[in-house]
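Engineer: Below is a structure I'd like to ask you about.
The values are calculated or read from the model by the stated rules, or taken from the named source; none is laboratory data. Just so we're clear, the structure is a prediction, and the values are computed from it rather than from any experiment. As a convention, Cβ positions derive from the backbone with ideal geometry for all residues, glycine included, and neighbour counts pool all protein chains shown. Protein only, heavy atoms only, side chains kept; ligands, DNA and RNA dropped before computing areas. Shrake-Rupley method; radii C 1.70, N 1.55, O 1.52, S 1.80 Å.
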Amino acid sequence: MGFADAAEVRKYIGGIFEAAFEDPEIGPKLRDTGIVLQFTFTEPDSVVVVDAVKATVGDSADGAAPGAVMSMAADTGNAYWQGKVNLPLAMAKSKIKVQGNVASLLKLAPLGKQLFPVYIETLRSDGRDDLIV
Amino acid sequence: MTAQVTEIERTYDPVSVSPLAFWAGTWEQRERSFKFLRDERPVSWHPPLEGALMPPENDGVWVVTRHEHILEVSKNPQVFSSARGVMIEEVPDDINEAASSFLVMDGPRHLSLRRLVSSAFTPKQVARIHDQIRRQASAIVDGLVATKEGDFVSQVSKRLPMWTIYEMMGLPEDQRELAAHHADGMVSWADEDVAAGREPGEVLSEALVTLLQIGMEHTERRRAEPKADLWTNLIHAEVDGQRLTDDEIASFFVLLSVAGNDTTRNTISLTARALQDFPDQKALLLQDFPGRITPAIEEFVRYATPVMTFRRTATRDTVLGGQQIKEGEWVLMMYASGNRDERAFDDPDVFDILRPTNNHLAFGGGGPHYCMGNFLAKIQLTEIFDQLLHRAPTLRLGEPEYLTGNFVRAVKSMPYTL
Ligand code: HEM
């Protein structure tokens with residue numbers, strides 16, 4: 001099973017960041033990174049843009065050009081946010097392609113780790129056990 | 001003697017090893033700080049090391065400078081774990097996992113994975129390729145003596161380790177330079193010169209991803225065309241009835257590339273220079289090369305200490321050197337300092353190839369992670385210095401250009417004339 005459509009991808013993967021911005025601990029740290037990060041997913045095609053400066057999650061980079069673009073299948077994205085994908089190994093296998101500033105993604109790593117359980121919990125509470133890796 | 005336990009005082013030591021500037025300085029400058037710490041506060045508390053890859057998650061780190069305490073940490077893996085990373089600055093987990101294989105594991109899993117490759121590195125197995133290493137060392141010095149001047153690192157130091165490790169793996173020759181280049185990238189992220197305007201994380205990521213790719217391609221190559229080499233064995237090896245995954249094998253490739261290249265290379269460069277700076281020692285060695293090279297090599301690696309640091313993480317509250325260490329805290333071993341500890345070595349700053357005892361820490365402080373490649377390194381050092389000292393007597397080395405970083409003591413380049 002996977003995401004049914006682009007709206008679902010945005011709801012769940014975009015949702016991780018919406019929750020992150022609201023988190024009293026993670027939110028400020030995420031904003032401090034100052035990064036504009038674009039995810040370009042396939043199967044289903046969808047785009048999620050996270051603007052850490054404006055604390056927004058959208059579906060296009062209106063205004064600020066993204067500092068990094070990560071492209072991957074939506075399934076890979078789903079697994080990634082559950083802590084099940086190793087970024088350098090996925091890049092070596094071209095499962096994730098990164099354009100732009102990889103260094104900024106590494107700086108996000110510790111925040112990312114804190115978001116994995118939040119994401120899994122969201123899937124669970126929505127009854128989306130089918131998406132849990 | 002009763003151990004005095006100091007109450008936990010979380011104030012940072014004024015003699016700080018944390019700034020990047022400390023690691024950009026010279027060995028002698030660092031040694032002055034280390035000596036002070038060894039004498040006054042052998043286990044001391046410092047701010048997290050100024051790193052560039054990600055923001056630190058700790059409030060501070062313990063820095064261990066005396067020989068005896070480094071042994072204690074190394075030999076006590078239940079309390080001082082490698083599984084939470086071994087670099088002394090913060091590195092993302094994903095990178096540790098993909099780059100370090102069994103170096104960042106504990107317990108039975110570490111042992112099983114290490115065993116898979118360690119059989120290729122025993123004295124007996126290494127003796128089998130000794131002749132090949134000798135021939136290769138000879139060919140490298142043929143190349144050197146045909147020139148008048150150049151860069152010693154690229155002309156000599158880098159070649160033998162690169163040839164040896166990749167020959168054992170069976171990596172095609174046209175891949176070796178690229179792989180060795182990225183193995184360098186893995187330890188060079190803090191160096192501005194290497195980064196050439198890129199962010200440290202970009203340097204590291206590019207090096208790592210490329211090495212993983214070369215490793216993965218090599219695994220496919222050997223799966224299609226098995227040969228009598230380390231890689232073919234690894235592909236077919238089983239741990240607890242299970243084959244290694246391609247990801248695990250790729251991570252092995254990165255570990256062996258880094259461990260096999262940078263360490264021995266820098267020992268060759270630094271020792272060549274030490275033998276020039278201490279001509280009496282060079283003469284002593286030449287008087288009886290076969291009889292003296294074995295103890296001399298122990299001094300080469302002690303004096304050079306190409307691996308300056310490694311880290312452990314406390315798995316429970318403990319006491320080290322009178323300090324209370326809390327579970328989860330980082331313990332940084334300064335091999336560079338332990339190898340100059342006057343409690344363990346007479347005249348530690350003197351390069352003395354005939355030291356009667358030389359219990360150095362260049363290959364680690366003992367325990368389960370003790371350098372797996374130490375026999376291989378020693379054979380390479382024996383053969384290259386046999387060739388260099390006997391066939392290039394007019395070799396003159398200029399000033400080494402050092403890499404900035406807190407992990408390996410690396411010489412980027414060093415001019416020579418003949
Ligand atoms: C002069 C050259 C070398 C030096 C100074 C050196 C130093 C070290 C040090 C300090 C450690 C860590 C020890 C510990 O944590 O207790 C280590 C581990 C290791 N070394 Fe070396 N090394 C050298 C050459 C090599 C070579 C040629 C190889 C060949 C592949 C190699 C492979 C390894 C491996 C695989 C480990 C990890 C062992 C484990 O985690 O179980 N080393 N080395």
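Engineer: Being within 9 Å of the ligand (Cβ to nearest atom), surrounded by 22 or more Cβ atoms within 10 Å (Cβ to Cβ) and not in a loop (DSSP other than H, G, I, E, B): is that true of B:ALA377 here?
Structural biologist: Values: within 9 Å of the ligand (Cβ to nearest atom): yes; surrounded by 22 or more Cβ atoms within 10 Å (Cβ to Cβ): yes; not in a loop (DSSP other than H, G, I, E, B): yes.
Here the answer is yes, as B:ALA377 does meet what is asked.
Engineer: Taking the range B:75-87 only, how many residues are more than 14 Å from chain A (Cβ to nearest Cβ) and either under 17 Å from the mean Cα position of the chain (by Cα) or within 13 Å of the ligand (Cβ to nearest atom) (or both)?
Structural biologist: Selection size over the range B:75-87: 8.
Engineer: A follow-up question, please. Would the range B:396-411 turn up any residue that is modelled with pLDDT under 95, among the hydroxyl-bearing types (Ser, Thr, Tyr) and under 20 Å from the mean Cα position of the chain (by Cα)?
Structural biologist: Looking for residues that are modelled with pLDDT under 95, among the hydroxyl-bearing types (Ser, Thr, Tyr) and under 20 Å from the mean Cα position of the chain (by Cα), one finds at least one in the range B:396-411, hence yes.
Engineer: Next up: Select from the range B:142-166 the residues that are buried (at least 22 other Cβ atoms within 10 Å of the Cβ) and more than 14 Å from the ligand (Cβ to nearest atom) and list them in ascending order. Step through it out loud before you land on a result.
Structural biologist: Restricting attention to the range B:142-166, the residues satisfying the condition of being buried (at least 22 other Cβ atoms within 10 Å of the Cβ) are B:152-153, B:156-162, B:164-166.
Passing the criteria: B:PHE152, B:VAL153, B:VAL156.
Engineer: Run B:SER269 past the list (1) at pLDDT 95 or above; (2) within 26 Å of the chain's Cα centre (by Cα); (3) within 14 Å of chain A (Cβ to nearest Cβ) and report the number of the one that doesn't hold.
Structural biologist: (3)
Engineer: Restrict the check to the range B:127-141 and report whether at least one residue is open to solvent by less than 40 Å² (accessible area, probe 1.4 Å) and under 23 Å from B:PRO368 (Cβ atoms).
Structural biologist: no
Engineer: Is it the case that the range A:111-132 has a residue that's within 13 Å of another protein chain (Cβ to nearest Cβ), crowded, with 18+ Cβ neighbours inside 10 Å and not in a strand (DSSP E or B)?
Structural biologist: Initial filter on the range A:111-132 (within 13 Å of another protein chain (Cβ to nearest Cβ)): A:111-114, A:116.
Pick out the ones that are also crowded, with 18+ Cβ neighbours inside 10 Å and you get A:111-112.
Cutting the leftovers down to not in a strand (DSSP E or B) gives us A:111-112.
Yes, some residue in the range A:111-132 is within 13 Å of another protein chain (Cβ to nearest Cβ), crowded, with 18+ Cβ neighbours inside 10 Å and not in a strand (DSSP E or B).
Engineer: Now for a separate question. Looking at the range B:190-236, which of its residues are charged (D, E, K, R) and free of Cβ contacts under 8 Å to residues at least 60 places away in the same chain?
Structural biologist: B:ARG198, B:GLU202, B:GLU206, B:GLU217, B:GLU220, B:ARG221, B:ARG222, B:ARG223, B:GLU225, B:LYS227
Engineer: A further question follows. Would a scan of the range B:25-38 turn up a residue that is within 18 Å of the chain's Cα centre (by Cα) and of a type in the set (Phe, Trp, Tyr)?
Structural biologist: Yes; the residues of the range B:25-38 include at least one that is within 18 Å of the chain's Cα centre (by Cα) and of a type in the set (Phe, Trp, Tyr).
Engineer: Could I ask something else about it? Among the listed residues B:MET186, B:MET169, identify the single one that is within 14 Å of chain A (Cβ to nearest Cβ), within 16 Å of the ligand (Cβ to nearest atom) and hydrophobic (A, V, I, L, M, F, W, C).
Structural biologist: B:MET186
Engineer: What about B:LEU49, is it hydrophobic (A, V, I, L, M, F, W, C), over 16 Å from B:TYR370 (Cα atoms), more than 15 Å from the ligand (Cβ to nearest atom) and more than 14 Å from chain A (Cβ to nearest Cβ)?
Structural biologist: So B:LEU49 fits the description; yes.
Engineer: Condition (residue is over 21 Å from B:GLU202 (Cα atoms), within 14 Å of chain B (Cβ to nearest Cβ) and open to solvent by 20 Å² or more (accessible area, probe 1.4 Å)) applied to the range A:1-24: is it met by at least one residue?
Structural biologist: Looking only at the range A:1-24, we keep the residues that are over 21 Å from B:GLU202 (Cα atoms), and these are A:1-24.
Okay, now just the ones that are also within 14 Å of chain B (Cβ to nearest Cβ), so none.
No: zero hits.
Engineer: It is to be established whether one or more residues within the range B:400-414 are in contact (Cβ under 8 Å) with a residue 60 or more places away in the chain, farther than 25 Å from B:SER157 by Cα, outside any loop (DSSP other than H, G, I, E, B) and within 11 Å of the ligand (Cβ to nearest atom).
Structural biologist: Checked the range B:400-414: no residue is in contact (Cβ under 8 Å) with a residue 60 or more places away in the chain, farther than 25 Å from B:SER157 by Cα, outside any loop (DSSP other than H, G, I, E, B) and within 11 Å of the ligand (Cβ to nearest atom).
Engineer: Tally up the residues in the range B:189-219 that are within 22 Å of B:HIS236 (Cβ to Cβ) and either of a type in the set (Gly, Ala, Ser) or away from chain A (no Cβ under 13 Å) (or both), please.
Structural biologist: 1
Engineer: Applying the selection to the range A:95-110, what residues are at the interface with another protein chain (Cβ under 9 Å from one of its Cβ atoms) and either of a type outside the set (Lys, Arg) or at positive phi (or both)?
Structural biologist: A:VAL98, A:ASN101, A:VAL102, A:ALA103, A:SER104, A:LEU105, A:LEU106, A:LEU108, A:ALA109, A:PRO110
Engineer: Given the criteria touching a helix residue (DSSP H, G or I) at 6+ places or on another chain (Cβ under 7 Å) and either of a type in the set (Val, Ile, Thr) or away from chain B (no Cβ under 14 Å) (or both), does A:VAL69 qualify?
Structural biologist: So A:VAL69 fails the test.
Engineer: If you don't mind, there's one more thing I want to ask. Give, as residue ranges, the helices (runs of 4 or more DSSP H) completely inside the range B:238-342 that count at least 2 residues that are open to solvent by less than 40 Å² (accessible area, probe 1.4 Å) and near the ligand (Cβ under 9 Å from one of its atoms).
Structural biologist: Numbers: elements: B:246-277, B:279-287, B:289-304, B:335-338.
Because the criterion is at least 2 residues that are open to solvent by less than 40 Å² (accessible area, probe 1.4 Å) and near the ligand (Cβ under 9 Å from one of its atoms), the helices (runs of 4 or more DSSP H) in the range B:238-342 that meet it are B:246-277, B:289-304.
Engineer: Please go through the range A:48-70 and pick out each residue that is buried (at least 18 other Cβ atoms within 10 Å of the Cβ) and in a strand (DSSP E or B).
Structural biologist: If the condition is that a residue be buried (at least 18 other Cβ atoms within 10 Å of the Cβ) and in a strand (DSSP E or B), then A:VAL48, A:VAL49, A:VAL50, A:ASP51, A:VAL57, A:ALA68, A:VAL69, A:MET70 are the ones that fit.
Engineer: On to the next question. B:THR294 - would you say it is among the β-branched types (Val, Ile, Thr), within 25 Å of the chain's Cα centre (by Cα) and closer than 24 Å to B:THR11 by Cβ?
Structural biologist: Values: among the β-branched types (Val, Ile, Thr): yes; within 25 Å of the chain's Cα centre (by Cα): yes; closer than 24 Å to B:THR11 by Cβ: no.
When the stated conditions are applied, B:THR294 does not pass them.
Engineer: Turning to a different aspect of this structure: Of (1) within 16 Å of the ligand (Cβ to nearest atom); (2) part of a strand (DSSP E or B), B:GLU72 satisfies all except one. Which?
Structural biologist: (2)
Engineer: Right, something else. If a residue must be more than 14 Å from chain A (Cβ to nearest Cβ), open to solvent by less than 20 Å² (accessible area, probe 1.4 Å) and within 11 Å of the ligand (Cβ to nearest atom), how many such residues does the range B:88-126 contain?
Structural biologist: Going through the range B:88-126 one residue at a time, the tally reaches 6.
Engineer: Only one of (1) surrounded by 17 or more Cβ atoms within 10 Å (Cβ to Cβ); (2) under 15 Å from the mean Cα position of the chain (by Cα) is not met by B:PHE351, so which one is it?
Structural biologist: Condition (2) is where B:PHE351 drops out.
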